[in-house]
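The values are calculated or read from the model by the stated rules, or taken from the named source; none is laboratory data. Computed from a predicted structure; not experimentally measured. Heads up, the Cβs are rebuilt from the backbone with ideal geometry, glycines too, and the neighbour counts pull from every protein chain shown. For accessibility, only protein heavy atoms count, side chains too; no ligands or nucleic acids. Shrake-Rupley method; radii C 1.70, N 1.55, O 1.52, S 1.80 Å.
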Amino acid sequence: MTASAAADLAIDSRGLTKRFRTQTAVDSIDLAVPRGSVFGFLGPNGSGKTTTIRMLLGLITPSDGEIRVLGERMPDKLRNVLPRVGALVEGPAFYPFLTGRANLHRFDTADRHASRRTRPERVNAALERVGLTNAASKKAGAYSLGMKQRLGIANALLSPRDLLVLDEPTNGLDPQGTREVRNLVHSFAAEGTTVFVSSHLLAEVEQMCTHAAIMSAGSIVAQGSLDELRGAGESHVRVQTPDASTAESVLARFGLLPALTSPNEAHPEVSALLPPSTELDPDRLLPALLEAGVRVRGYGIEEASLEERFVALTGEGFDVRS
Ligand SMILES: Nc1ncnc2c1ncn2[C@@H]1O[C@H](COP(=O)(O)OP(=O)(O)OP(=O)(O)O)[C@@H](O)[C@H]1O
Ligand SMILES: [Mg+2]
(Lines give C-alpha, C1' and ligand atoms only; values in the text may rest on other atoms or scores of the structure.)
(Ligands and ions follow the chains in the order given, each with its own letter.)
Protein backbone atom coordinates (compact mmCIF):
# COMPACT_ATOMS: atom_id res chain seq x y z
CA MET A 1 0.00 0.00 0.00
CA THR A 2 1.29 3.49 -0.82
CA ALA A 3 1.89 6.12 1.84
CA SER A 4 -1.08 8.20 0.68
CA ALA A 5 -3.43 5.21 0.71
CA ALA A 6 -2.27 4.43 4.25
CA ALA A 7 -3.06 8.04 5.25
CA ASP A 8 -6.65 7.49 4.14
CA LEU A 9 -7.06 4.75 6.70
CA ALA A 10 -8.54 5.42 10.11
CA ILE A 11 -7.27 2.05 11.34
CA ASP A 12 -4.38 0.23 9.75
CA SER A 13 -2.92 -2.91 11.28
CA ARG A 14 -0.17 -5.17 9.98
CA GLY A 15 0.41 -8.65 11.29
CA LEU A 16 -1.50 -7.80 14.45
CA THR A 17 -1.36 -10.79 16.77
CA LYS A 18 -2.42 -11.61 20.32
CA ARG A 19 -1.39 -14.83 21.96
CA PHE A 20 -2.79 -15.86 25.28
CA ARG A 21 -1.06 -18.69 27.08
CA THR A 22 -2.17 -21.61 24.97
CA GLN A 23 -4.08 -19.85 22.26
CA THR A 24 -3.58 -17.37 19.43
CA ALA A 25 -6.75 -15.30 19.80
CA VAL A 26 -5.82 -12.88 16.99
CA ASP A 27 -3.56 -14.25 14.30
CA SER A 28 -1.65 -11.76 12.17
CA ILE A 29 -4.49 -9.58 10.93
CA ASP A 30 -4.15 -6.70 8.46
CA LEU A 31 -7.08 -4.37 9.01
CA ALA A 32 -7.64 -1.51 6.56
CA VAL A 33 -10.48 0.74 7.71
CA PRO A 34 -11.03 3.64 5.29
CA ARG A 35 -11.64 7.06 6.81
CA GLY A 36 -15.31 7.96 6.68
CA SER A 37 -16.47 4.36 6.45
CA VAL A 38 -18.86 2.51 8.70
CA PHE A 39 -16.79 -0.62 9.08
CA GLY A 40 -18.38 -3.83 10.34
CA PHE A 41 -16.10 -6.19 12.22
CA LEU A 42 -18.04 -9.37 11.80
CA GLY A 43 -17.36 -12.74 13.35
CA PRO A 44 -18.88 -15.45 15.51
CA ASN A 45 -18.43 -15.64 19.28
CA GLY A 46 -14.82 -16.15 20.26
CA SER A 47 -13.39 -15.17 16.86
CA GLY A 48 -11.20 -12.42 18.35
CA LYS A 49 -13.20 -9.22 17.87
CA THR A 50 -13.00 -7.85 21.39
CA THR A 51 -9.35 -8.83 21.72
CA THR A 52 -8.57 -6.89 18.53
CA ILE A 53 -10.52 -3.86 19.74
CA ARG A 54 -8.66 -3.90 23.06
CA MET A 55 -5.36 -3.82 21.17
CA LEU A 56 -6.53 -0.99 18.90
CA LEU A 57 -7.37 1.09 21.96
CA GLY A 58 -4.17 0.30 23.82
CA LEU A 59 -6.01 -1.61 26.56
CA ILE A 60 -3.87 -4.71 26.02
CA THR A 61 -0.46 -5.06 24.39
CA PRO A 62 -0.18 -6.93 21.10
CA SER A 63 2.09 -9.98 21.02
CA ASP A 64 3.20 -8.95 17.56
CA GLY A 65 2.42 -6.57 14.69
CA GLU A 66 1.85 -2.88 14.13
CA ILE A 67 -1.15 -0.60 14.53
CA ARG A 68 -1.90 2.87 13.27
CA VAL A 69 -5.01 4.63 14.46
CA LEU A 70 -5.87 7.97 12.78
CA GLY A 71 -2.44 7.84 11.21
CA GLU A 72 -0.52 7.51 14.48
CA ARG A 73 1.37 4.56 15.85
CA MET A 74 -0.33 2.77 18.72
CA PRO A 75 0.28 2.31 21.55
CA ASP A 76 3.24 4.80 21.32
CA LYS A 77 0.99 7.78 20.47
CA LEU A 78 -1.84 6.77 22.76
CA ARG A 79 -2.09 10.16 24.40
CA ASN A 80 -2.53 11.93 21.05
CA VAL A 81 -4.90 9.37 19.64
CA LEU A 82 -7.30 8.48 22.43
CA PRO A 83 -8.89 11.94 22.84
CA ARG A 84 -10.00 11.66 19.19
CA VAL A 85 -11.51 8.20 19.68
CA GLY A 86 -14.80 7.37 21.39
CA ALA A 87 -15.09 3.76 22.49
CA LEU A 88 -17.61 1.31 23.82
CA VAL A 89 -15.93 -1.95 24.80
CA GLU A 90 -17.66 -5.13 25.91
CA GLY A 91 -19.20 -4.93 29.36
CA PRO A 92 -18.80 -1.22 30.13
CA ALA A 93 -18.23 -0.67 33.85
CA PHE A 94 -20.25 1.96 35.70
CA TYR A 95 -20.53 3.05 39.29
CA PRO A 96 -23.78 1.30 40.26
CA PHE A 97 -24.55 3.73 43.08
CA LEU A 98 -24.33 6.80 40.82
CA THR A 99 -27.03 7.92 38.41
CA GLY A 100 -26.53 7.60 34.68
CA ARG A 101 -25.88 11.33 34.44
CA ALA A 102 -23.43 11.31 37.36
CA ASN A 103 -21.53 8.42 35.75
CA LEU A 104 -21.07 10.46 32.58
CA HIS A 105 -19.89 13.47 34.61
CA ARG A 106 -17.39 11.24 36.32
CA PHE A 107 -16.06 9.77 33.06
CA ASP A 108 -15.81 13.21 31.53
CA THR A 109 -13.88 14.47 34.54
CA ALA A 110 -11.35 11.69 33.96
CA ASP A 111 -10.78 12.99 30.41
CA ARG A 112 -8.20 15.73 30.84
CA HIS A 113 -8.95 17.12 27.37
CA ALA A 114 -12.62 17.70 28.17
CA SER A 115 -13.71 21.20 29.16
CA ARG A 116 -15.33 21.47 32.56
CA ARG A 117 -17.33 24.51 31.50
CA THR A 118 -19.17 22.69 28.73
CA ARG A 119 -19.54 19.43 30.70
CA PRO A 120 -23.20 19.69 31.76
CA GLU A 121 -24.41 20.49 28.27
CA ARG A 122 -22.23 17.81 26.65
CA VAL A 123 -23.48 15.22 29.14
CA ASN A 124 -27.09 16.21 28.51
CA ALA A 125 -26.60 16.14 24.74
CA ALA A 126 -25.08 12.64 24.93
CA LEU A 127 -27.94 11.39 27.13
CA GLU A 128 -30.45 12.89 24.73
CA ARG A 129 -28.77 11.35 21.73
CA VAL A 130 -29.02 7.80 23.11
CA GLY A 131 -32.53 8.28 24.49
CA LEU A 132 -31.64 8.17 28.18
CA THR A 133 -32.83 11.63 29.21
CA ASN A 134 -35.79 10.26 31.14
CA ALA A 135 -33.69 7.61 32.90
CA ALA A 136 -30.73 9.92 33.57
CA SER A 137 -31.54 10.32 37.27
CA LYS A 138 -31.86 6.61 37.92
CA LYS A 139 -28.92 4.75 39.49
CA ALA A 140 -26.87 2.91 36.87
CA GLY A 141 -27.00 -0.22 39.04
CA ALA A 142 -30.73 -0.33 38.37
CA TYR A 143 -30.33 0.00 34.59
CA SER A 144 -31.33 -2.84 32.29
CA LEU A 145 -28.66 -4.31 30.01
CA GLY A 146 -29.95 -2.22 27.13
CA MET A 147 -29.86 0.97 29.20
CA LYS A 148 -26.27 0.21 30.28
CA GLN A 149 -25.37 -0.31 26.67
CA ARG A 150 -26.88 3.08 25.78
CA LEU A 151 -24.99 4.70 28.65
CA GLY A 152 -21.79 3.17 27.27
CA ILE A 153 -22.53 4.70 23.87
CA ALA A 154 -23.31 8.06 25.50
CA ASN A 155 -19.90 7.89 27.16
CA ALA A 156 -18.27 7.48 23.74
CA LEU A 157 -20.10 10.60 22.56
CA LEU A 158 -19.13 13.04 25.31
CA SER A 159 -16.67 14.87 23.06
CA PRO A 160 -16.53 15.22 19.29
CA ARG A 161 -14.64 12.24 17.85
CA ASP A 162 -12.92 11.38 14.59
CA LEU A 163 -13.35 7.66 15.21
CA LEU A 164 -15.89 5.66 17.16
CA VAL A 165 -15.07 2.08 18.12
CA LEU A 166 -18.19 0.24 19.22
CA ASP A 167 -17.95 -3.37 20.40
CA GLU A 168 -21.34 -5.02 19.83
CA PRO A 169 -23.30 -1.81 20.50
CA THR A 170 -26.68 -3.49 20.01
CA ASN A 171 -25.98 -6.28 22.47
CA GLY A 172 -28.93 -6.49 24.85
CA LEU A 173 -31.04 -3.92 23.01
CA ASP A 174 -34.64 -4.57 21.97
CA PRO A 175 -35.55 -4.24 18.27
CA GLN A 176 -36.50 -0.60 18.79
CA GLY A 177 -33.17 0.10 20.53
CA THR A 178 -31.31 -1.74 17.79
CA ARG A 179 -32.96 0.45 15.18
CA GLU A 180 -32.05 3.56 17.15
CA VAL A 181 -28.40 2.51 17.36
CA ARG A 182 -28.40 1.90 13.64
CA ASN A 183 -29.79 5.39 13.06
CA LEU A 184 -27.22 6.84 15.45
CA VAL A 185 -24.41 5.13 13.56
CA HIS A 186 -25.75 6.54 10.29
CA SER A 187 -25.84 10.01 11.83
CA PHE A 188 -22.22 9.71 13.04
CA ALA A 189 -21.19 8.69 9.55
CA ALA A 190 -23.08 11.63 8.05
CA GLU A 191 -21.05 13.93 10.31
CA GLY A 192 -17.84 12.45 8.89
CA THR A 193 -16.95 10.24 11.85
CA THR A 194 -15.44 6.86 11.00
CA VAL A 195 -17.28 4.10 12.84
CA PHE A 196 -15.71 0.72 13.56
CA VAL A 197 -18.43 -1.55 14.87
CA SER A 198 -18.20 -5.21 15.82
CA SER A 199 -21.08 -7.61 15.55
CA HIS A 200 -21.80 -11.29 15.23
CA LEU A 201 -25.01 -10.47 13.36
CA LEU A 202 -24.64 -10.34 9.65
CA ALA A 203 -27.99 -8.65 8.96
CA GLU A 204 -26.98 -5.85 11.26
CA VAL A 205 -23.69 -5.28 9.45
CA GLU A 206 -25.51 -5.37 6.11
CA GLN A 207 -27.91 -2.64 7.22
CA MET A 208 -25.42 -0.44 8.99
CA CYS A 209 -22.05 -0.68 7.25
CA THR A 210 -20.28 0.37 4.08
CA HIS A 211 -17.33 -1.98 4.60
CA ALA A 212 -16.63 -5.11 6.61
CA ALA A 213 -14.00 -7.60 7.65
CA ILE A 214 -15.06 -11.14 8.42
CA MET A 215 -13.19 -12.78 11.28
CA SER A 216 -12.97 -16.50 11.82
CA ALA A 217 -10.92 -18.15 14.55
CA GLY A 218 -8.61 -15.16 14.93
CA SER A 219 -8.01 -14.50 11.21
CA ILE A 220 -9.56 -12.13 8.69
CA VAL A 221 -11.06 -14.34 5.98
CA ALA A 222 -12.48 -11.51 3.84
CA GLN A 223 -12.37 -7.72 3.88
CA GLY A 224 -13.59 -4.88 1.69
CA SER A 225 -16.64 -2.85 0.75
CA LEU A 226 -19.93 -4.72 1.07
CA ASP A 227 -20.22 -4.79 -2.70
CA GLU A 228 -16.76 -6.28 -3.00
CA LEU A 229 -17.59 -8.91 -0.41
CA ARG A 230 -20.81 -9.85 -2.17
CA GLY A 231 -19.16 -9.83 -5.57
CA ALA A 232 -16.52 -12.21 -4.36
CA GLY A 233 -19.28 -14.72 -3.68
CA GLU A 234 -20.70 -17.13 -6.18
CA SER A 235 -23.98 -17.06 -8.01
CA HIS A 236 -26.52 -19.81 -8.52
CA VAL A 237 -29.24 -20.62 -10.98
CA ARG A 238 -32.46 -21.85 -9.38
CA VAL A 239 -35.30 -23.52 -11.23
CA GLN A 240 -38.60 -24.49 -9.64
CA THR A 241 -40.26 -27.15 -11.72
CA PRO A 242 -42.20 -30.42 -11.55
CA ASP A 243 -39.83 -31.69 -14.27
CA ALA A 244 -36.78 -31.79 -12.09
CA SER A 245 -34.89 -34.55 -13.80
CA THR A 246 -35.26 -32.99 -17.26
CA ALA A 247 -34.12 -29.64 -15.83
CA GLU A 248 -31.11 -31.34 -14.29
CA SER A 249 -30.08 -32.90 -17.58
CA VAL A 250 -30.47 -29.57 -19.43
CA LEU A 251 -28.27 -27.78 -16.90
CA ALA A 252 -25.76 -30.63 -17.05
CA ARG A 253 -25.45 -30.06 -20.80
CA PHE A 254 -24.02 -26.63 -19.99
CA GLY A 255 -21.41 -28.26 -17.83
CA LEU A 256 -23.17 -27.38 -14.58
CA LEU A 257 -23.54 -29.71 -11.62
CA PRO A 258 -27.23 -29.39 -10.71
CA ALA A 259 -28.70 -30.62 -7.46
CA LEU A 260 -32.26 -31.17 -6.35
CA THR A 261 -32.53 -28.80 -3.41
CA SER A 262 -36.11 -29.36 -2.26
CA PRO A 263 -37.11 -32.89 -3.22
CA ASN A 264 -40.06 -33.12 -0.83
CA GLU A 265 -42.07 -30.15 -1.99
CA ALA A 266 -44.78 -30.11 -4.61
CA HIS A 267 -42.54 -27.99 -6.84
CA PRO A 268 -39.03 -29.26 -6.53
CA GLU A 269 -36.20 -26.83 -7.00
CA VAL A 270 -33.09 -27.59 -8.98
CA SER A 271 -30.10 -25.38 -8.39
CA ALA A 272 -26.57 -25.18 -9.66
CA LEU A 273 -23.54 -23.07 -9.02
CA LEU A 274 -22.57 -20.90 -11.98
CA PRO A 275 -18.97 -20.70 -13.15
CA PRO A 276 -17.34 -17.24 -13.50
CA SER A 277 -19.41 -15.22 -15.98
CA THR A 278 -16.90 -15.39 -18.84
CA GLU A 279 -17.38 -19.14 -19.26
CA LEU A 280 -21.13 -19.30 -19.65
CA ASP A 281 -23.80 -16.82 -20.67
CA PRO A 282 -26.53 -17.49 -18.10
CA ASP A 283 -29.12 -15.98 -20.45
CA ARG A 284 -28.90 -19.16 -22.51
CA LEU A 285 -30.22 -21.35 -19.71
CA LEU A 286 -33.90 -20.40 -19.54
CA PRO A 287 -34.58 -20.74 -23.32
CA ALA A 288 -32.88 -24.15 -23.27
CA LEU A 289 -35.03 -25.32 -20.34
CA LEU A 290 -38.23 -24.19 -22.06
CA GLU A 291 -37.19 -25.76 -25.34
CA ALA A 292 -36.66 -29.08 -23.58
CA GLY A 293 -40.26 -28.90 -22.33
CA VAL A 294 -39.43 -28.12 -18.71
CA ARG A 295 -42.42 -26.49 -17.03
CA VAL A 296 -40.70 -23.60 -15.29
CA ARG A 297 -42.68 -22.36 -12.28
CA GLY A 298 -39.93 -20.21 -10.88
CA TYR A 299 -36.55 -19.15 -12.15
CA GLY A 300 -33.75 -16.95 -10.97
CA ILE A 301 -30.07 -16.24 -11.05
CA GLU A 302 -28.96 -15.10 -7.64
CA GLU A 303 -25.77 -13.68 -6.35
CA ALA A 304 -24.70 -15.52 -3.27
CA SER A 305 -25.93 -13.34 -0.44
CA LEU A 306 -23.55 -11.96 2.11
CA GLU A 307 -25.08 -14.47 4.46
CA GLU A 308 -24.11 -17.45 2.31
CA ARG A 309 -20.63 -15.99 2.05
CA PHE A 310 -20.40 -15.47 5.80
CA VAL A 311 -21.51 -19.01 6.52
CA ALA A 312 -19.15 -20.42 3.90
CA LEU A 313 -16.23 -18.51 5.38
CA THR A 314 -16.86 -18.96 9.08
CA GLY A 315 -18.60 -22.36 9.23
CA GLU A 316 -22.23 -22.82 9.95
CA GLY A 317 -21.97 -24.23 13.46
CA PHE A 318 -22.92 -22.34 16.57
CA ASP A 319 -20.19 -23.97 18.58
CA VAL A 320 -17.75 -21.59 20.15
CA ARG A 321 -14.12 -22.29 19.44
CA SER A 322 -12.48 -23.21 22.73
N1 LIG B 1 -7.65 -12.48 28.88
C2 LIG B 1 -7.75 -13.62 28.18
N3 LIG B 1 -7.06 -14.72 28.53
C4 LIG B 1 -7.14 -15.87 27.83
N5 LIG B 1 -7.91 -16.02 26.72
C6 LIG B 1 -8.63 -14.95 26.31
C7 LIG B 1 -8.59 -13.71 27.01
N8 LIG B 1 -9.40 -12.83 26.36
C9 LIG B 1 -9.93 -13.52 25.32
N10 LIG B 1 -9.46 -14.79 25.28
C11 LIG B 1 -9.80 -15.82 24.28
O12 LIG B 1 -9.59 -15.29 23.00
C13 LIG B 1 -10.61 -15.74 22.10
C14 LIG B 1 -11.24 -14.53 21.45
O15 LIG B 1 -12.03 -13.84 22.41
P16 LIG B 1 -12.74 -12.45 22.08
O17 LIG B 1 -13.36 -11.98 23.33
O18 LIG B 1 -11.78 -11.56 21.39
O19 LIG B 1 -13.86 -12.94 21.05
P20 LIG B 1 -15.07 -12.13 20.43
O21 LIG B 1 -14.97 -12.28 18.94
O22 LIG B 1 -15.13 -10.76 20.98
O23 LIG B 1 -16.32 -12.99 20.92
P24 LIG B 1 -17.83 -12.52 21.35
O25 LIG B 1 -18.61 -12.39 20.07
O26 LIG B 1 -18.30 -13.69 22.16
O27 LIG B 1 -17.72 -11.25 22.12
C28 LIG B 1 -11.56 -16.57 22.92
O29 LIG B 1 -11.27 -17.94 22.71
C30 LIG B 1 -11.26 -16.18 24.33
O31 LIG B 1 -11.49 -17.25 25.22
MG1 LIG C 1 -16.53 -9.74 22.08
Please determine, by comparing only the residues of region 40-52 that are surrounded by 24 or more Cβ atoms within 10 Å (Cβ to Cβ) and more than 15 Å from Thr24 (Cβ to Cβ), which one is farthest from ligand 2 (Cβ to nearest atom).
Gly40
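One line per residue, one yes/no per condition, for (1) of a type in the set (Gly, Ala, Ser); (2) under 20 Å from the mean Cα position of the chain (by Cα); (3) more than 21 Å from Asn155 (Cα to Cα):
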{"site": "Thr50", "(1), (2), (3)": "no, yes, no"}
{"site": "Thr61", "(1), (2), (3)": "no, no, yes"}
{"site": "Glu72", "(1), (2), (3)": "no, no, yes"}
{"site": "Pro75", "(1), (2), (3)": "no, no, yes"}
{"site": "Leu88", "(1), (2), (3)": "no, yes, no"}
{"site": "Pro96", "(1), (2), (3)": "no, no, no"}
{"site": "Ala110", "(1), (2), (3)": "yes, no, no"}
If I filter region 154-191 down to residues being in a helix (DSSP H, G or I) and of a type in the set (Val, Ile, Thr), which single residue comes out as most open to solvent (accessible area, probe 1.4 Å)?
Thr178
Lone unmet requirement of (1) farther than 28 Å from Leu104 by Cβ; (2) in contact (Cβ under 8 Å) with a residue 24 or more places away in the chain; (3) among the charged types (D, E, K, R); (4) more than 12 Å from ligand 1 (Cβ to nearest atom) for Arg35:
(1)
If you go through region 53-104 one residue at a time, how many are touching a residue at least 12 places away in the same chain (Cβ under 8 Å) and within 16 Å of ligand 2 (Cβ to nearest atom)?
12
I'd like to check something: does region 41-63 contain any residue that is modelled with pLDDT of 95 or more, within 12 Å of ligand 1 (Cβ to nearest atom) and assigned to a strand (DSSP E or B)?
yes
Identify the residue in region 14-40 that is assigned to a strand (DSSP E or B) and of a type in the set (Lys, Arg) and, among all such residues, is nearest to Asp227 (Cα to Cα).
Arg14
May I ask you to list the residues in region 220-235 that are away from ligand 2 (no atom under 16 Å from the Cβ), at pLDDT 85 or above and assigned to a strand (DSSP E or B)?
Val221, Ala222, Gln223, Gly224, Ser225
Among the residues of region 108-122, is any modelled with pLDDT of 95 or more, open to solvent by 70 Å² or more (accessible area, probe 1.4 Å), assigned to a helix (DSSP H, G or I) and not small (Gly, Ala, Ser)?
yes
